[in-house]
């Protein structure tokens, strides 16, 4: 097709996967071609049309996740203050928030995570080891350093982890287990880290904790109370530090939290203490929609900025009203 006859692509620059006002801003293009995705990708990669080629490469160049900012959440001042206290000093203990569906519990958890500064970790460490705290390194790192294989550790800076524990999580997935396939290939026992290793020095978020299996909850809280995860499996005994900031939420309409579990959290509060008036609900929705519009404008600007000059003439008319 000649360029002058080419249909201007309908780019969904912000194809919103709206989840409590969080979304993934990605870029995709529509086409009248009805072939499957693989054929479309191959056709795009071999196309001489710069717009088609750019759109094919966009998903690898342009992808970000934005979260509703914590200060912009309407009301919930006590919960926000408690989360900031816990973020400032994770040793304070976990925080559990009860509330009905739609009371911004998950939004607040992700909002406080966005305020966490980047962390330095030892490259290759499976539990985000702190290079400034070798006394907290796991057995493997200590052994490598003692044998001179480690030397000065290579340090990299990463975003603090945000790990969510799913309802159906197993003990092995939570704590870690033996990687059977890797062990067979290597001829030695290989450890497969669990969610607790990934969450170290970040946020461990447990939604609907009242619906989790009692055994899983007890294991989780026991590890967090000691700050060390000890895994003993077939031919394997390994331990690593586990000191995330624990945020748990639950809906009391789906079942109450057991009292002995509540006692193990430093702070327990409710998001249902205030009943919003109609005007307050309207104001909250307006704040959320304004955030989405601003984020869409930012996403559109980034897409145009990343595009080659030969493609920008097609995109600018699409975003002139954003």
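The values are calculated or read from the model by the stated rules, or taken from the named source; none is laboratory data. Predicted, not measured: the structure shown is a model, and the values here were computed from it. Using ideal geometry, Cβ is built from the backbone for each residue, glycine included, and neighbour counts are taken over all protein chains shown.
A few comments on the model shown:
- Given (1) modelled with pLDDT under 80; (2) surrounded by 13 or more Cβ atoms within 10 Å (Cβ to Cβ); (3) out of contact with any helix residue (DSSP H, G or I) (no Cβ under 6 Å at 6 or more places or on another chain); (4) part of a loop (DSSP other than H, G, I, E, B), index of the condition residue 116 fails: (1)
- The set of residues in segment 67-97 that are closer than 18 Å to residue 291 by Cα and over 21 Å from the mean Cα position of the chain (by Cα) comprises 74, 75.
- Within segment 244-261, the residues that satisfy the criterion of being assigned to a loop (DSSP other than H, G, I, E, B) and either more than 19 Å from the chain's Cα centre (by Cα) or without any contact (Cβ under 8 Å) to a residue 60 or more places away in the chain (or both) are 251, 255, 256, 257, 258.
- Single condition residue 229 does not satisfy, out of (1) modelled with pLDDT under 80; (2) within 23 Å of the chain's Cα centre (by Cα); (3) surrounded by 15 or more Cβ atoms within 10 Å (Cβ to Cβ): (1)
- Segments classed as helices (runs of 4 or more DSSP H), wholly inside segment 162-202, with at least 1 members that are in contact (Cβ under 8 Å) with a residue 40 or more places away in the chain: 171-175, 195-199
- Test set (1) over 23 Å from residue 110 (Cα atoms); (2) modelled with pLDDT of 90 or more; (3) crowded, with 21+ Cβ neighbours inside 10 Å - residue 240 fails condition number: (2)
- Scanning segment 82-98 for residues that are at negative phi, assigned to a loop (DSSP other than H, G, I, E, B) and touching a helix residue (DSSP H, G or I) at 6+ places or on another chain (Cβ under 9 Å) yields a single hit, 94.
- Taken as a whole, segment 270-279 holds no residue that is on the phi > 0 side of the Ramachandran plot and surrounded by fewer than 14 Cβ atoms within 10 Å (Cβ to Cβ).
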